[in-house]
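> Structure incoming, see below.
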Amino acid sequence: MGKRLLQAHSLLVYLFLYAPIAVVVIFAFNGGRQVLNWDGFSTKWFGEALADPTITEPFKNSLLIAFGNAILACILGTALALALARLRPWLRAPIDALVYMTLVTPEIVFGIAALMFFVQLGNWLSLGSILGLWTILLAHVVFNASVVALIVRARFVGMGQSLEEASFDLGAGPLSTFRQVTLPRLAPAILAGGLLAFTFSFDDFITSFFVSGAGTTTLPLRIFSSLRFGISPIVNAAAAMILALTLLSIVAAYLVLRRTAQMRREATVIPGV
Amino acid sequence: MRRRGAIRAGPRYPGWLALPALGYYGLFFLAPLVLMGAVALSERVGHIDFVYALNFDNFKVLWDPLYGEIFLRTLRLALFGTVAALLVGFPLAYYIARYAKRKTLLLLLVVVPFWTSFLIRTYSWLIILDPDFPALRALKWMGVLADDFSVLYTPTAVYIGVVYTYLPLMVLPIYATLERMDWSLVEAAEDLGDPPLRAFRRITLPLAVPGVLAGSLLVFIPLMGEYLNPVILGGDKTIYAGNLIGLQFGSSRNWPFGATIALVLIALMTLAVLAFIRLARREEQYG
């Protein structure tokens, strides 16, 4: 009896979690001019969205930022993870604390701090306003390098390091050990971390909102600014496309991780990032 | 970091590999936060400018019932969100951990929404809560809801939105503790005559406390700085602490004051975290 009740409750919760997402997707296929008045199935708003430069330009910006951010985050995060895995505790503890700090600091706080920093930096270097694509990218990497570092380290520690030790013992330097021994085994974790970094950056609103400056728009910023005028079919189609893109990369990240994780437990640790 | 420690056996990757990331954090994370502290203490000149100083006026300004009201409202929102997420999330985590067959899949289904765009998940409620949304119209037509029923752009919409947004963060840690639980303890208690509810209270609940605390923390902290839900679903009509900060960098253009509010917010969160940790420690010892 208790079980049945719990089952019903769980079903309702899943409905609660997915119905809103489904609603966005379904209404994106509404052919009518008004989002909420169903006027036949149509994909025309996707076409209109993809033909609208005020959507495609921000879309390109978002892709550029997300890619650059993912690459930078992977490099910094992986190097950090390799170093952290065997650092002595008195050194590791404060670095760990710093990594977690970057993850839990409220985005609004980091966003305004980064804004003030970049404005001040521009003044000091006499460059004027440096806010734009670069500042968004640089700000995104802070959070995402930590995400990659955590995922890669979990994998690195989990797989044991006897092969690395053998490689070092046999006289290989860090670089060739990394290329020949570590990278092949860590690649899935790095790829998964990179995919997550990509989605987080592509989806990000608050940090981008503060450090974007006047002339630069990302897709989430574009959608947000149009919400002031209510919901429109074009924006709804764009939102559905964002959902599709991020869902795809999340599922890809999960599959990559899962295929290589020997133990189920390892796979369940990752979502808790 | 420079000397390779000989304490632990085996060669390893050199510690300096941490330096690029640490340099990056130093420049783009710590330096901005330090600068924020300096700006909070600076003095406003004219309407948009400020000079660095050692000036606590901003903190005094914040000591005003008007702002106290905003912080209390934020606290209420954060507490409501945490408790509601707990009430909704705990039974789900319990079901997955104890009864479900495809645990990994069900857990993944909880995580996926959390990893999809915050903005769009909030935006989706803009559609659902619209008075013209077909399901709402149907409910009105059937007389379940009053004709003028509308919660969009009210605090109620914000409350719904935050529970929706943060629910996955509550489920994960609770599931993690329940999953490790030995259910035969519960079965034994039930076999020995404890009614299910009593067995739950005496065995499951105490063992789940660390997960509940972790989940509450994960929901409570970001909620104290919540920005997006009040703007989109609340129609920017009700101001919470995060919005108050945002305003100082938008239309009000008072950076020193904005930085001050952010500092106070971080201080309040740190206090909350410390309190949570103490609670968790005590539970570990006596629970």
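> Which whole-angstrom value gives the distance between the alpha carbon centres of the stretch B:67-118 and the stretch B:225-287?
With the stretch B:67-118 and the stretch B:225-287 each reduced to a Cα centre, they are spaced 19 Å.
> For the stretch A:72-141 and the stretch A:1-69, write down the distance between their C-alpha centroids in whole Å.
Rounded to whole Å, the Cα centres lie 32 Å apart.
> Convex hull volume of the Cα atoms in the stretch B:53-205, per residue, in Å³?
Numbers: hull volume 36.2 nm³, N = 153.
In the stretch B:53-205, the Cα hull volume divided by residue count equals 236 Å³.
> To check my understanding: the extent here is largest minus smallest coordinate of the Cα atoms along each principal axis. What are those three numbers for the stretch A:88-214, in Å, largest first?
Largest to smallest, the principal-axis extents are 55, 29, 29 Å.
> Give the whole-number value, in cubic angstrom per residue, of the convex hull volume spanned by the C-alpha atoms of chain A.
Numbers: hull volume 52.6 nm³, N = 273.
Spread over its residues, the Cα hull of chain A gives 193 Å³ apiece.
> Can you give me the three principal axis dimensions of the stretch B:20-81 from its C-alpha atoms, in Å, biggest first?
Sorted largest first, the three principal extents are 42, 36, 18 Å.
> Using just the helices of chain B, give the 222 nm mean residue ellipticity in deg cm²/dmol: DSSP H runs with n ≥ 4 each add -39,500 (n - 2.57), and the total is spread over all residues, rounded to 500. Walk me through the numbers on the way to the answer.
Numbers: 14 runs with 192 residues, N = 287.
Using -39500 (n - 2.57) per qualifying helix, the result is -21500 deg cm²/dmol.
> Something else about it: I want to verify a result. In a Gaussian network model of chain B, Cα cutoff 10 Å, which of these has the top mean-square fluctuation: B:ILE160, B:ILE120, B:ILE96?
Per the Cα network of chain B with a 10 Å cutoff, B:ILE120 tops the list.
> As a footprinting exposure proxy, order A:HIS140, B:HIS47, A:HIS9 by other Cβ within 10 Å, with the fewest listed first.
On the way: A:HIS140 27, B:HIS47 8, A:HIS9 16.
So the ranking, lowest neighbour count to highest, is B:HIS47, A:HIS9, A:HIS140.
> So what is the relative contact order of the stretch B:126-244, in percent, for Cα pairs below 8 Å that sit 6 or more residues apart?
Relative contact order, the stretch B:126-244: 32 percent.
> In addition: As an exercise, find the ratio Rg/Rh for chain B from alpha-carbon atoms, using the Kirkwood inverse-distance average for Rh. Working shown, then result.
Details: Rg = 24.0 Å, Rh = 22.7 Å.
Radius of gyration over Kirkwood radius for chain B works out to 1.06.
> Averaged across orientations, what area in nm² does the convex hull of the alpha carbons in the stretch A:68-110 project?
Working: hull surface 14.1 nm².
Taking a quarter of the hull surface, the average projection is 3.5 nm².
> Applying the Karplus parametrisation 6.51 cos²θ - 1.76 cosθ + 1.60 with θ = phi - 60° to the phi angles of the stretch A:209-218, what ³J(HN,Hα) value in whole Hz is obtained for each residue in order, glycine and proline being reported as x?
3, 7, 9, 7, x, 7, x, 10, 10, 9
> I would also like to ask the following. Would you report the distance distribution of C-alpha pairs in the stretch A:1-148 as whole percents per 5 angstrom bin, up to the bin with the largest distance?
Percent of pairs per bin, in order: 2, 7, 10, 10, 11, 12, 12, 12, 11, 7, 4, 2, 1, 0, 0.
> Something else now. Ignore the peptide's own chain and count Cβ atoms of other chains within 10 Å of each Cβ in A:197-203; give me the average, rounded. Let's see the in-between values first.
Details: counts 0, 0, 3, 3, 0, 1, 7.
For peptide A:197-203, the averaged partner shielding equals 2.
> Only helices at least 20 Å long along their own axis, judged from Cα atoms, and with Kyte-Doolittle mean hydropathy of 1.6 or greater: name those in chain A from DSSP H.
On the way: long enough: A:2-28 (39 Å, 1.51); A:53-85 (46 Å, 1.33); A:89-104 (22 Å, 0.98); A:107-124 (25 Å, 1.48); A:133-158 (37 Å, 1.68); A:183-203 (29 Å, 1.22); A:233-260 (41 Å, 1.64).
Going by DSSP H runs, the hits are A:133-158, A:233-260.
> Residue by residue through the stretch B:217-224, what is 3J(HN,Hα) from phi via Karplus (6.51 cos²θ - 1.76 cosθ + 1.60, θ = phi - 60°)? Round to whole Hz and write x for glycine and proline.
5, 5, 8, 5, 4, x, 5, 5
> Go from 0 up to the bin containing the longest alpha carbon distance in the stretch B:212-287, width 5 Å each, and give me the % of pairs per bin.
3, 15, 20, 19, 16, 11, 8, 5, 3, 1, 0
> Please build a GNM for chain A, connecting alpha carbons under 10 Å apart, and tell me which residue among A:LEU115, A:LEU175, A:LEU219 fluctuates the most.
Most flexible of the set in this elastic network: A:LEU175.
> Largest first and to the nearest Å, give the Cα extent of the stretch A:40-94 along each principal axis.
Projected onto the principal axes, the Cα atoms of the stretch A:40-94 cover 63, 24, 16 Å.
> Let me ask something additional. Amide H of B:PHE50: which non-local residues (sequence gap of 5 or more, or other chain) have their own amide H closer than 5 Å, using H built in the peptide plane?
For B:PHE50, whose amide H was placed from the backbone, the distant partners under 5 Å are B:VAL45.
> Given the stretch A:130-201, what whole percent of its Cα pairs are spread farther than 21 Å? The partial results should precede the final answer.
On the way: 1030 of 2556 pairs.
For the stretch A:130-201, the fraction of Cα-Cα distances above 21 Å is 40 percent.
> Moving on to the next point. What number in nm² do you get for the protein assembly as shown if you take the convex hull of its Cα atoms and divide its surface by four? Walk me through the numbers before you get to the answer.
Values: hull surface 121.6 nm².
Across all orientations, the protein assembly as shown yields a mean hull projection of 30.4 nm².
> Rg and Dmax in Å for the stretch B:130-263, alpha carbons only: what are they?
For the stretch B:130-263, the Cα-based Rg and Dmax read 21.8, 67 Å.
> Report the relative contact order of chain A, percent, no decimals, based on alpha-carbon pairs under 8 angstrom and at least 6 residues apart.
Details: 295 pairs, mean separation 80.3, N = 273.
Here the relative contact order equals 29 percent.
> Arrange the following residues from fewest to most other Cβ atoms within 10 Å of their Cβ: A:TYR100, B:TYR123, B:TYR240.
Numbers: A:TYR100 12, B:TYR123 25, B:TYR240 28.
Sorted ascending by nearby Cβ count, the order is A:TYR100, B:TYR123, B:TYR240.
Just so you know, all these numbers are worked out from the coordinates, no wet-lab data involved. Owing to the predicted nature of the structure, the values given are computational and were not obtained by experimental measurement. FYI the Cβ positions are ideal-geometry reconstructions off the backbone, even for glycines, and counts take in every protein chain you see.
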